[in-house]
Amino acid sequence: MLNPRRLVVLRAVLAAGSINKAARNLGYSPATISQHMAALARETGLVLFEKQGRGIVATDAARHLADQAQALVADFDRLERVVADLRGGQAEHLAIACFTSAAERWIPEVVRVIRQHQPNLTVEISLNEPVDRRGRRQPDLDIRTEPASGVEVQLDGYRRHELTVEELVAVFPVAHPLAAAREVALRDLEAEPWVDHDIYDSPIGQIVSSACRAVGFTPRYAVRLDDHRAALRLVAAGVGVTVLPRLAVAELPEGVVSRPVVHPTVLRRIVVHARQDRRRRDVIARAVAQLRVCARTPEST
């Protein structure tokens with residue numbers, strides 16, 4: 001069986017570029033690092049390093065092994081943190097999974113409120129778009145986007161709470177002809193170059209694509225990326241237009257404006273799935289209550 005700690009050491013050696021530098025970074029002696037690498041070579045049956053002049057170089061096998069071990073090392077690090085917390089008697093955690101704009105606009109106030117009641121609580125926040133749970137706790141709160149007219153998803157072991165339904169808006173450079181309008185028909189964006197903020201086709205991207213198909217066109221993308229803040233900067237630079245939820249445009253950069261989209265109005269529903277855990281019932285309920293407060297604020301309606 002492979003020793004996860006030796007995989008950690010291997011990644012440290014590759015990152016540092018030498019055994020001596022890795023030893024300094026990890027606080028080990030070079031001999032200890034060498035022993036770990038020799039043991040890992042025996043465990044795997046692989047040649048991990050080859051001599052080159054007075055030093056050594058990593059083989060392709062070592063690099064590939066280190067790359068493939070990334071997710072395992074993340075899980076191992078998380079497990080070590082859990083053990084340390086248990087040993088220290090500080091095992092109070094709340095895990096929140098959410099999308100970026102919720103993390104920016106809502107979660108700070110949620111964390112502030114719940115830690116007022118439980119000062120020793122550690123809150124772990126991770127993004128769930130795109131979904132990748134490696135190295136993360138199972139979420140106690142999972143905040144998601146759904147099509148407003150779509151099926152109401154239920155997750156096993158969780159209670160579903162609807163937080164809000166919000167409109168999506170079109171975002172333009174201030175000099176764009178459509179920026180002068182009070183509202184913009186979705187079909188009016190057909191001929192425009194688009195900035196796609198959702199290259200991984202998560203729920204918001206699916207909602208926008210579906211609305212465009214419903215009026216008979218597919219957006220012509222000039223740029224595709226996975227960061228709505230960078231997308232707004234590209235719009236400000238005149239690269240194209242984009243369509244985003246109101247929550248994501250609460251703070252627009254200089255040089256852009258947003259306008260409601262009509263014909264059709266494009267909507268998303270935001271829900272939170274709260275884990276049914278009797279041990280954390282109070283803190284989960286308090287967090288859900290604060291999320292409801294945040295969802296009622298003017299910036300999200």
Yeah, the stretch 164-268 with a ≥ b ≥ c from its alpha-carbon gyration tensor (a/c under 1.5 is rounded, else prolate when a/b outruns b/c, oblate otherwise) is rounded
Please report Rg over Rh for the stretch 1-42, where both radii come from the alpha carbon positions and Rh follows the Kirkwood definition. 0.93
Evaluate the relative contact order of the chain (contact order divided by residue number), counting alpha-carbon pairs under 8 angstrom at least 6 apart; express in whole percent. 21 percent
What would the Debye equation give as log₁₀ I(q)/I(0) for the stretch 152-221 at q = 0.19, 0.20 Å⁻¹, counting only Cα atoms as equal point scatterers? -0.90, -0.96
Apply the a/c threshold of 1.5 to the C-alpha gyration tensor of the chain and tell me whether it is rounded, prolate or oblate. oblate
Any chance you could give the angle, 0 to 90 degrees and rounded to 10, that helix 281-295 forms with the longest Cα principal axis of the chain? 40 degrees
Based solely on C-alpha atoms, express the radius of gyration and the Dmax of the stretch 4-74 in angstrom. 11.1, 34
Dividing the helical contributions, -39500 (n - 2.57) per DSSP H run of n ≥ 4, by the residues of the chain yields a 222 nm value, nearest 500 deg cm²/dmol, of -12000 deg cm²/dmol
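Only the coordinates and a few stated rules stand behind these numbers; no lab work does. Given the structure is predicted, the values throughout are model-derived calculations rather than measurements.
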